[in-house]
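Notes follow the structure.
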There are 4 protein chains.
Amino acid sequence: MNIGFIGLGNMGQAMARKLIAAGHTVTVYNRTRSRAEELQSEGATVAGSPADACRGEAVITMLADDRVVAALAFGAKGIATSLKPGSVHISMSTISVGLSRRLAETHSASSTGFVAAPVFGRPSAAEAGQLFIVAAGEQTLLERVGPLFEAMGQKTFVVGDEPSKANVVKIVGNFMLATVIESLGEAFALGGKAGVEPGTLLEILTGTIFPAPVFKSYGSMIAQQKFEPAGFKLSLGLKDVKLALEASDLFEVPLPLASLIRDRFIASMSRGRREWDWSGLAKLSTDDAGIGKF
Amino acid sequence: MNIGFIGLGNMGQAMARKLIAAGHTVTVYNRTRSRAEELQSEGATVAGSPADACRGEAVITMLADDRVVAALAFGAKGIATSLKPGSVHISMSTISVGLSRRLAETHSASSTGFVAAPVFGRPSAAEAGQLFIVAAGEQTLLERVGPLFEAMGQKTFVVGDEPSKANVVKIVGNFMLATVIESLGEAFALGGKAGVEPGTLLEILTGTIFPAPVFKSYGSMIAQQKFEPAGFKLSLGLKDVKLALEASDLFEVPLPLASLIRDRFIASMSRGRREWDWSGLAKLSTDDAGIGKF
Amino acid sequence: MNIGFIGLGNMGQAMARKLIAAGHTVTVYNRTRSRAEELQSEGATVAGSPADACRGEAVITMLADDRVVAALAFGAKGIATSLKPGSVHISMSTISVGLSRRLAETHSASSTGFVAAPVFGRPSAAEAGQLFIVAAGEQTLLERVGPLFEAMGQKTFVVGDEPSKANVVKIVGNFMLATVIESLGEAFALGGKAGVEPGTLLEILTGTIFPAPVFKSYGSMIAQQKFEPAGFKLSLGLKDVKLALEASDLFEVPLPLASLIRDRFIASMSRGRREWDWSGLAKLSTDDAGIGKF
Amino acid sequence: MNIGFIGLGNMGQAMARKLIAAGHTVTVYNRTRSRAEELQSEGATVAGSPADACRGEAVITMLADDRVVAALAFGAKGIATSLKPGSVHISMSTISVGLSRRLAETHSASSTGFVAAPVFGRPSAAEAGQLFIVAAGEQTLLERVGPLFEAMGQKTFVVGDEPSKANVVKIVGNFMLATVIESLGEAFALGGKAGVEPGTLLEILTGTIFPAPVFKSYGSMIAQQKFEPAGFKLSLGLKDVKLALEASDLFEVPLPLASLIRDRFIASMSRGRREWDWSGLAKLSTDDAGIGKF
């Protein structure tokens, strides 16, 4: 397919690479142009503006947050206006339910398609084309862009035809990851102050009831109290918990765990930890237990 | 080995069976005698009193809670007094750190051994001899009772030589399971009210970031809002969260998640759900979201 | 003074009346015009548009929320543009810190003055000219509008020269009121289920350690479980707690009590209580205690 | 009346003094005997044992906690056994509902009377005979000991005939005081980081919606961040919150505020603040806001 790709951060660049490798014609755009040029040798065309990346059958956005997506999507030279009728915008970043709905309305009004397709997976999974893709939108659109998903992911889950539901699922997933981190933080603080060797605790928890990679990776960082370099920044963790709370407001569903964790992320920010990995949330539990180290 | 086994609930009876099957000589005691007699045909000797189950090289207790263990362990005809010097008491139930320490002291004073060896696993795992055993105590004792653990479990994790540390690990594990349940409850309430089909949400969560059995089994009960019959009663869930809070008090380690969940268990009790499975904690999230059903 | 007054709800109408009674020349505007016309016989001039209420030396806004204030303040025919240079906008409603800052900037750019002066007090206090006014802004402006505050309030507290600080104080005050309500709710639920007669509990609490009117008035509503008609709607209570959380985000100050209360307001909304008095938050505590009534 | 008084801490000694001054014959006992001897010159008889303080018509206990009360009340030479039939035990310290019930049962079995009469008021109020007394027990008993209450307090509130209900009220009151402290702590942290001068914030809050002494006294300590010397120790504040949580367990009434505050007290303990005044709980809010000082 002939497509555009906007947003070439660690995730986006890896995803665009897989699309090129799969034989698609890809025009890339990134605010910092050098990130786009890095893909030229692999066959990408570099767009001079976001609008220039919207000339094909589809455009994918993989951007930092609501603000950036909104700035690029709406307005005179925005994505919604630049796409040809019949083309489709695939939003793959983690955005709010409200923005996803607004995008769906805007695209509908301009006779362009809109698909929400956020992903689960770290940059290494993106590089391997092993992302999990959670997609929602009109079935015909989902079928049309299926080959793109196949190039980037190991599996695509379809949530339904209302795009924002895919965003709900992504937000729910990240909220649950944050609770895993907080839970591990409290667990290791208690275990640590009680004299249980953290490596032993980690081995037991992940060797018995929690044999999932997230428990192993976050648990390992917490057991070692090693939160840098960040795989996913603490400040982004807070952003995602806020998305959960926004959805909580919108649908009027209390989320006491998310609220609790929000405040702990804020306390972590105020302690100067915004650049840490979000598993560094666990440090607050050792602070509060009065133990600097296990 | 020639041993006693006290406490033949769903877990205890299955564990005793595996010991008999492995060739050990087992004298069993249970308050409701018929539960003990059910094991006679398999080769167990039925004891008339707890003291009668303490004549061998070791006695295992697998009882409901601190109160029951304390009632049987201390006093004139208690386990500590009835065991011969050199014999060992293996406490396999989920008890408090404080009681475990008191047991260790009492046994030390009477020159009998004490090992804490709580387990992870449901009755079905006990029946299959597939429990995970978390053991702590003097190394020579652990080695001596190793064959018993091999008969009951698939793997034994050694935490150290201070018995109560094994209890800390068990308590931490159950606390983390409770947070998984609360997290799933909030997740499905938000997803449900947002219109995401619960089966789809479950499939995505467990097919991507949470591919662990606990997420599948609890998630499935929550997705179906089917909390009876109970695998592990809600009232026992509250008991275990209280053990975590007791440890939190003892070691002065705040556990905000445990506190939050405690109150939600209590609200569930007050709504008449004490006999539900503890995953029924999730019902409170749908109550609070104003949705009777997803 | 020759002033305008925009927003004639229960509070605003009573405040405008006191201004007229004090001899000021008042041009009033309200979206529902009839509310404005009710003041004509007392001497008010009815404005046909918000801009028409901005011809004098000052204009006061007393509006529902951020959205309404922003809609009237900004834009081509907004307050900022309609005021003559040298005139002053006095924002007396409960608005966010962010909006207050934006208003200050906008007015500064148009050489008009801006004062934030939110109030503490119910409609009955407004009718009696007994409001407490919390004001912030340039000292010369505060002096100039002093006579207006004297007409409406019993006392004016000056917070400083940065208008948004007055909003911080108002938001903090309302947050604390919400915690009083939640605290009373839990107190009466515990007392009630323990068999303490609610009237007795109320008498003791307010007769000993809490002899303040807010404890008496909210405590009385809670003791009687009578939450209608609303003095201040539960949905507005949630709005104000969200303002506190917005400030918490902005300044990176965790507010765990506000977070806890937010979720309980949302649960109350989902139970169909948005029109109740905000003291009706307490009903959730009796729900969670499994007691319909004390 | 001819009475005994056991427990001569800051509160107890002042209360005993008022009883002597009112003309009652008072035999005093204290573990550290010198505290008792200080009252000899005023006319008290010093008892050599708790039992010796139980020879009169009534004995008052004013002790540190459940453990101490239980140690003195039960057993062969305990209060219940030492009192003559028809005499009455007046428990004035802050104890648990469970212990109060157990005392009531024990006294009933020994045909001695039991009244629970905890107090609100600091040592200075005790010295002035200005305590508030919250009493519960059989009406005839309450009437009989009325003159004692008159000597110690400014007012007696009667809760009912079941003694433990007076303890519920006291526990509820202290729980509410703890929420006031936490609420003030969060309020001053937000105000402080937002640049509102703490003295101004205090003046406004207590000059408008919170004109009660507790807001003034705790607010002043928090505004100045001066938490020593302690009027009421932080470790005792935690003890009292735990009594609320025990009652919450007993009656199955969730107390989310108490749970939240418990963890914050524990974090304060782990930071080495157990000897601070309990208003020092507020320091955690400034820690978490990343501001050492306002």
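The values are calculated or read from the model by the stated rules, or taken from the named source; none is laboratory data. Just so we're clear, the structure is a prediction, and the values are computed from it rather than from any experiment. Heads up, the Cβs are rebuilt from the backbone with ideal geometry, glycines too, and the neighbour counts pull from every protein chain shown.
The rows are residues; the columns are (1) polar (S, T, N, Q); (2) modelled with pLDDT of 95 or more; (3) more than 17 Å from residue A:24 (Cβ to Cβ).
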site	(1), (2), (3)
A:102	no, yes, yes
A:126	no, yes, no
A:131	no, yes, no
A:150	no, yes, no
A:154	yes, yes, yes
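Restricting attention to region A:179-197, which residues are of a type in the set (A, V, I, L, M, F, W, C), at the interface with another protein chain (Cβ under 9 Å from one of its Cβ atoms) and closer than 27 Å to residue A:135 by Cβ? Even if it seems obvious, please write down each step before you answer.
Just the residues of region A:179-197 that are of a type in the set (A, V, I, L, M, F, W, C), to begin with: A:180-181, A:184, A:187-190, A:194, A:196.
Then keep just the ones that are at the interface with another protein chain (Cβ under 9 Å from one of its Cβ atoms); that gives A:180, A:184, A:187-190, A:194, A:196.
Once the filter is applied, which keeps residues that are of a type in the set (A, V, I, L, M, F, W, C), at the interface with another protein chain (Cβ under 9 Å from one of its Cβ atoms) and closer than 27 Å to residue A:135 by Cβ, region A:179-197 yields only A:180.
Among (1) in contact with a helix residue (DSSP H, G or I) (Cβ under 8 Å, 6 or more places away or on another chain); (2) surrounded by fewer than 18 Cβ atoms within 10 Å (Cβ to Cβ); (3) hydrophobic (A, V, I, L, M, F, W, C), which single condition is residue B:73 missing?
(2)
Please note which helices (runs of 4 or more DSSP H) are completely contained in region C:208-283 and include at least 3 residues that are over 23 Å from residue A:260 (Cβ atoms), modelled with pLDDT of 95 or more and of a type in the set (Gly, Ala, Ser).
On the way: elements: C:213-224, C:234-251, C:256-270.
By residue number, C:213-224.
Going residue by residue through region A:82-90, is there one that turns out to be within 14 Å of chain B (Cβ to nearest Cβ) and under 27 Å from residue B:206 (Cβ atoms)?
First, the residues of region A:82-90 that are within 14 Å of chain B (Cβ to nearest Cβ): none.
Looking through region A:82-90, none of the residues is within 14 Å of chain B (Cβ to nearest Cβ) and under 27 Å from residue B:206 (Cβ atoms).
Checking residue D:242 against (1) within 12 Å of chain A (Cβ to nearest Cβ); (2) surrounded by fewer than 24 Cβ atoms within 10 Å (Cβ to Cβ); (3) not hydrophobic (A, V, I, L, M, F, W, C): exactly one of these is not met. Which one?
(1)
Considering each residue of region C:136-145, count those that are surrounded by 13 or more Cβ atoms within 10 Å (Cβ to Cβ) and under 18 Å from residue C:1 (Cα atoms), and give that number.
Going through region C:136-145, the residues surrounded by 13 or more Cβ atoms within 10 Å (Cβ to Cβ) turn out to be C:136-138, C:141-142, C:144-145.
Right, trim to under 18 Å from residue C:1 (Cα atoms) and you get C:141-142, C:144-145.
Count: 4.
Yes/no per residue for (1) under 30 Å from residue B:107 (Cα atoms); (2) polar (S, T, N, Q):
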{"site": "B:136", "(1), (2)": "yes, no"}
{"site": "B:144", "(1), (2)": "yes, no"}
{"site": "B:162", "(1), (2)": "yes, no"}
{"site": "B:192", "(1), (2)": "no, no"}
{"site": "B:197", "(1), (2)": "no, no"}
{"site": "B:204", "(1), (2)": "no, no"}
{"site": "B:210", "(1), (2)": "no, no"}
{"site": "B:216", "(1), (2)": "no, no"}
{"site": "B:220", "(1), (2)": "no, yes"}
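Checking the structure you have, find out if any residue of region A:155-166 is within 25 Å of residue A:251 (Cβ to Cβ), part of a strand (DSSP E or B), aliphatic (A, V, I, L, M) and within 11 Å of chain B (Cβ to nearest Cβ).
So far as region A:155-166 goes, yes, one or more of its residues are within 25 Å of residue A:251 (Cβ to Cβ), part of a strand (DSSP E or B), aliphatic (A, V, I, L, M) and within 11 Å of chain B (Cβ to nearest Cβ).
How many residues are within 14 Å of chain A (Cβ to nearest Cβ) and either touching a Leu at 6+ places or on another chain (Cβ under 6 Å) or buried (at least 20 other Cβ atoms within 10 Å of the Cβ) (or both) when one looks only at region C:198-236?
Applying the first criterion (within 14 Å of chain A (Cβ to nearest Cβ)) to region C:198-236 yields C:234-235.
In the following step, the residues that additionally are either touching a Leu at 6+ places or on another chain (Cβ under 6 Å) or buried (at least 20 other Cβ atoms within 10 Å of the Cβ) (or both) were identified as C:234.
Adding up the residues that qualify gives 1.
Quick one: residue D:80 ticks every box in (1) modelled with pLDDT of 95 or more; (2) in contact with a His (Cβ under 8 Å, 6 or more places away or on another chain) except a single one, so which number is it?
(1)
The conditions are (1) more than 11 Å from chain D (Cβ to nearest Cβ); (2) surrounded by 22 or more Cβ atoms within 10 Å (Cβ to Cβ), and residue A:263 fails exactly one of them. Which is it?
Among (1) more than 11 Å from chain D (Cβ to nearest Cβ); (2) surrounded by 22 or more Cβ atoms within 10 Å (Cβ to Cβ), the lone unmet condition for residue A:263 is (1).
Free of Cβ contacts under 8 Å to residues at least 24 places away in the same chain, in contact with a strand residue (DSSP E or B) (Cβ under 6 Å, 6 or more places away or on another chain) and either over 26 Å from residue D:242 (Cα atoms) or of a type outside the set (Phe, Trp, Tyr) (or both): does that describe residue D:208? Don't jump to the end; show me each part of the working.
Values: free of Cβ contacts under 8 Å to residues at least 24 places away in the same chain: yes; in contact with a strand residue (DSSP E or B) (Cβ under 6 Å, 6 or more places away or on another chain): yes; either over 26 Å from residue D:242 (Cα atoms) or of a type outside the set (Phe, Trp, Tyr) (or both): yes.
Considered against the rule, which asks whether it is free of Cβ contacts under 8 Å to residues at least 24 places away in the same chain, in contact with a strand residue (DSSP E or B) (Cβ under 6 Å, 6 or more places away or on another chain) and either over 26 Å from residue D:242 (Cα atoms) or of a type outside the set (Phe, Trp, Tyr) (or both), residue D:208 comes out as yes.
Are there any pairs, at least 6 apart or on different chains, whose C-beta atoms fall under 8 Å, with the first in region A:275-294 and within 14 Å of chain D (Cβ to nearest Cβ) and the second hydroxyl-bearing (Ser, Thr, Tyr) and crowded, with 24+ Cβ neighbours inside 10 Å, and if so, which?
Going by the 8 Å Cβ cut-off, the qualifying pairs are A:281/A:268; A:283/A:268; A:284/A:268.
Picking from A:44, A:58, A:51, which residue would you name as being out of contact with any Asp or Glu (no Cβ under 6 Å at 6 or more places or on another chain), aliphatic (A, V, I, L, M), more than 26 Å from residue A:140 (Cβ to Cβ) and in contact (Cβ under 8 Å) with a residue 12 or more places away in the chain?
Answer to the selection: A:44.
Have a look at C:67, C:101, C:55, C:33 and point out the one that is surrounded by fewer than 22 Cβ atoms within 10 Å (Cβ to Cβ), farther than 21 Å from residue C:131 by Cβ and within 15 Å of the chain's Cα centre (by Cα).
On the way: C:101 fails: within 15 Å of the chain's Cα centre (by Cα); C:55 fails: within 15 Å of the chain's Cα centre (by Cα); C:33 fails: within 15 Å of the chain's Cα centre (by Cα).
Of the residues listed, the single one that is surrounded by fewer than 22 Cβ atoms within 10 Å (Cβ to Cβ), farther than 21 Å from residue C:131 by Cβ and within 15 Å of the chain's Cα centre (by Cα) is C:67.
Looking at region B:166-186, which of its residues are among the charged types (D, E, K, R) and under 16 Å from the mean Cα position of the chain (by Cα)?
B:170, the sole residue that qualifies.
Inside region B:110-141, can you point out the residues that are in a loop (DSSP other than H, G, I, E, B) and among the acidic types (Asp, Glu)? So that I can check it myself, show each step before the final result.
Pass one, region B:110-141, residues in a loop (DSSP other than H, G, I, E, B): B:110-112, B:117-118, B:121-122, B:128-130, B:137-138.
Residue satisfying the conditions is B:138 alone.
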